[in-house]
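The values are calculated or read from the model by the stated rules, or taken from the named source; none is laboratory data. All values reported here derive from a predicted model rather than from experimental measurement. Every residue, glycine as well, gets a Cβ built from its backbone with ideal geometry; the counts of neighbours run over all protein chains shown. Quick note on the areas: whole protein, heavy atoms, side chains included, nothing else; ligands and nucleic acids left out. Shrake-Rupley method; radii C 1.70, N 1.55, O 1.52, S 1.80 Å.
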Amino acid sequence: MVELNGTSAPASDSHTGTQIDQIAVSPTAPDQVANLAQTIASLSKAFTAGEAGARLQLLEAADSLVSALETPRETILRYCWRNPTGFAAIETGINLGIFRYLSDHDRPIPIAELATATASDIVLLQRIMKQLNAVHAVTETGRDEYTSNNFTRTVANTRYADAFPTITGTTSPAITAIPAFLRQTQYQNPTNGLACPFQQGFNTKYSFFDFLSRDPTLSAQFNNLMSVYHQGRASWMDPGFYPVERLTHPSNHTDSGILIVDVGGGKGHDLNEFRAKWPSARGRLILQDQPGVLAEATGLHESIERMPHDFFTEQPCKGSRAYFLHSVLHDWPDDTCLKILAPLRAAMTPGYSRLLINENVIPDRGAHWQATGLDWVMMADFAGAERTEAQWRELLTRAGFRILKIWTGDAWSESLIECEVVE
Ligand SMILES: C[S@@+](CC[C@H](N)C(=O)[O-])C[C@H]1O[C@@H](n2cnc3c(N)ncnc32)[C@H](O)[C@@H]1O
């Protein structure tokens, strides 16, 4: 292994200084630009005509066009200061109430008014607003004058805004610690959630969830992020994804039986969604999580039962039709996943109960940055991972399950892995 420690150049550069300077300021893939522009033109028509999937394809093409047109130097700057400072400006804007004020007033707001409303130093506020406009978080309408756009209006709402303090309070320092951590551990895949980049980044001995449980504000912010981050994606319970009738119409399913136990279900947004989309589905819906999280599940439909439960202990709901795990197993390395899966397997009725895992299945090629980025977040915070199909198969086989089918909506959404117990 050849490792560059960041202080010295590689033994032999493949390009001379002049060549590399030229490459650094030339577009990354100029030969792709014309094709991508044509693709964008035709996808724009499909988008305007409201064709399903056109918006996401257009977004992908636009992203590819930016990458092709951008020079390597510009790309470096995008990573090194556009993204981190854009993040910092948005979190500052949230703290100051800038987004809320702009959203509450449907007109261009002069900076002097905004400074009074947010009790801000006007010179600092000018810098904040220029950066927020540069990253499209607000819209500049004139000199020192701004209004809201849809992003502004979204982060004016706490449920969405909380993504920023959550990532600052639970994740960014852990991500920053990754390169040094991997160097120290000689580039071994992290597998210990008590000794991973999280502990280094936050200088703590606690695991992620223990750390979180010690800070009620951060905990509430995290739970808000969890309740909204997957919105706008194909959901497993929507028509054309997973045939929910497979669960709701088995001949031996009764009103009094348990239909779904949502294990580690957070504030219950998945069961709420299920109740709204499948109002006549028979059977009990049970939300399990840690007591502090359940206490925050205030908007839960009255028919959903709350049940505090530690998923490392015996599963109290026996013989449910389905046990649902959404974004739970990715928080843990394989050996710990086996400890979460064992009590579920023991509670399941062979031939009847299903295990439903709602997670990313990383494709063999062309994985999307939302999934690979989340994989790195999992590596940083938990020594966890987003898994490939082969990794899921290996883990679930070890845990005593057979995968019946992996249901996938589209390339941007989490899959539903449907399993049964191997007798
Ligand atoms: C990444 S969140 C996923 C929440 C929800 N399923 C969703 O998709 O939004 C993981 C959840 O696991 C819960 N959790 C962590 N450790 C747990 C434990 N030992 N027993 C039960 N739940 C736990 C957390 O409180 C959190 O709500």
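Go through Tyr206, Tyr146 for me and flag whichever is assigned to a loop (DSSP other than H, G, I, E, B) and outside the structural domain of Gly292 (by TED's automatic domain parsing). Before you say what the answer is, go through the steps one by one.
Working: Tyr146 fails: assigned to a loop (DSSP other than H, G, I, E, B).
Answer to the selection: Tyr206.
Which is buried (at least 17 other Cβ atoms within 10 Å of the Cβ), hydrophobic (A, V, I, L, M, F, W, C) and assigned to a loop (DSSP other than H, G, I, E, B), of Ala115, Ala137?
Working: Ala115 fails: assigned to a loop (DSSP other than H, G, I, E, B).
Being buried (at least 17 other Cβ atoms within 10 Å of the Cβ), hydrophobic (A, V, I, L, M, F, W, C) and assigned to a loop (DSSP other than H, G, I, E, B) holds for just one of Ala115, Ala137, which is Ala137.
Please state which of the following conditions Ile406 fails to meet, knowing it meets all the rest: (1) touching a Ser or Thr at 6+ places or on another chain (Cβ under 9 Å); (2) assigned to a helix (DSSP H, G or I).
So the condition that Ile406 fails would be (2).
Using beta carbons and a limit of 8 Å, which pairs, at least six apart or on different chains, have the first residue in the range 355-382 and under 21 Å from Ile178 (Cβ atoms) and open to solvent by 30 Å² or more (accessible area, probe 1.4 Å) and the second one more than 16 Å from the ligand (Cβ to nearest atom) and assigned to a strand (DSSP E or B)?
Filtered contacts from the range 355-382: Thr372/Ile362; Asp375/Ile362.
Only one residue in Val377, Val361 is in contact with a helix residue (DSSP H, G or I) (Cβ under 8 Å, 6 or more places away or on another chain), closer than 21 Å to Ile167 by Cα and among the β-branched types (Val, Ile, Thr), so which one is that? Walk me through it before giving the result.
Numbers: Val361 fails: closer than 21 Å to Ile167 by Cα.
Exactly one residue qualifies, and that residue is Val377.
Please return the ranges of helices (runs of 4 or more DSSP H) entirely within the range 238-335 where 2 or more residues are surrounded by fewer than 15 Cβ atoms within 10 Å (Cβ to Cβ), among the aromatic types (Phe, Trp, Tyr) and near the ligand (Cβ under 10 Å from one of its atoms). Break it down stepwise before answering.
Working: elements: 245-248, 269-277, 291-295.
Fully inside the range 238-335 and qualifying: nothing.
For Pro343, which of the numbered conditions (1) within 15 Å of the ligand (Cβ to nearest atom); (2) in contact with a Ser or Thr (Cβ under 8 Å, 6 or more places away or on another chain); (3) open to solvent by 60 Å² or more (accessible area, probe 1.4 Å); (4) of a type outside the set (S, T, N, Q) fails to hold?
So the condition that Pro343 fails would be (3).
Identify the single condition in (1) among the polar types (S, T, N, Q); (2) modelled with pLDDT under 95; (3) part of a helix (DSSP H, G or I) that Gln200 does not satisfy, given that it satisfies every other one.
The failed condition is (2).
Tell me which residues, restricted to the range 215-233, are at pLDDT below 95, open to solvent by 40 Å² or more (accessible area, probe 1.4 Å) and either small (Gly, Ala, Ser) or part of a loop (DSSP other than H, G, I, E, B) (or both).
Once the filter is applied, which keeps residues that are at pLDDT below 95, open to solvent by 40 Å² or more (accessible area, probe 1.4 Å) and either small (Gly, Ala, Ser) or part of a loop (DSSP other than H, G, I, E, B) (or both), the range 215-233 yields Tyr229, Gln231, Gly232, Arg233.
Evaluate the following for Gly53: is it at positive phi, under 23 Å from the mean Cα position of the chain (by Cα) and surrounded by 13 or more Cβ atoms within 10 Å (Cβ to Cβ)?
In short, yes.
Could you go through the range 362-376 and let me know if any residue there is under 28 Å from Asp410 (Cα atoms), within 12 Å of the ligand (Cβ to nearest atom) and not assigned by TED's automatic domain parsing to the domain that holds Gly169. Explain how you work it out, then say what you get.
From the range 362-376, those under 28 Å from Asp410 (Cα atoms) are 362-376; that's our starting set.
Filter again for within 12 Å of the ligand (Cβ to nearest atom), leaving 374.
Subsequent filtering for residues that are not assigned by TED's automatic domain parsing to the domain that holds Gly169 retains 374.
Among the residues of the range 362-376, at least one is under 28 Å from Asp410 (Cα atoms), within 12 Å of the ligand (Cβ to nearest atom) and not assigned by TED's automatic domain parsing to the domain that holds Gly169, which makes the answer yes.
Criterion first (buried (at least 20 other Cβ atoms within 10 Å of the Cβ), at pLDDT 95 or above and under 30 Å from Phe209 (Cα atoms)) does Phe151 satisfy it? Spell out the reasoning first.
Details: buried (at least 20 other Cβ atoms within 10 Å of the Cβ): no; at pLDDT 95 or above: yes; under 30 Å from Phe209 (Cα atoms): yes.
No: the conditions fail for Phe151.
May I ask you to list the residues in the range 69-103 that are acidic (Asp, Glu) and either part of a helix (DSSP H, G or I) or open to solvent by 30 Å² or more (accessible area, probe 1.4 Å) (or both)?
Just the residues of the range 69-103 that are acidic (Asp, Glu), to begin with: 70, 74, 91.
Answer for the range 69-103, where residues must be acidic (Asp, Glu) and either part of a helix (DSSP H, G or I) or open to solvent by 30 Å² or more (accessible area, probe 1.4 Å) (or both): Glu74, Glu91.
Go through (1) in a loop (DSSP other than H, G, I, E, B); (2) open to solvent by less than 50 Å² (accessible area, probe 1.4 Å); (3) out of contact with any Leu (no Cβ under 8 Å at 6 or more places or on another chain); (4) away from the ligand (no atom under 13 Å from the Cβ) and name the single condition Gly193 misses.
All conditions are met except number (4).
Identify, by number, the condition in (1) within 21 Å of Ala385 (Cα to Cα); (2) open to solvent by less than 20 Å² (accessible area, probe 1.4 Å); (3) away from the ligand (no atom under 12 Å from the Cβ) that Leu338 doesn't meet.
Leu338 satisfies all of (1) within 21 Å of Ala385 (Cα to Cα); (2) open to solvent by less than 20 Å² (accessible area, probe 1.4 Å); (3) away from the ligand (no atom under 12 Å from the Cβ) except (2).
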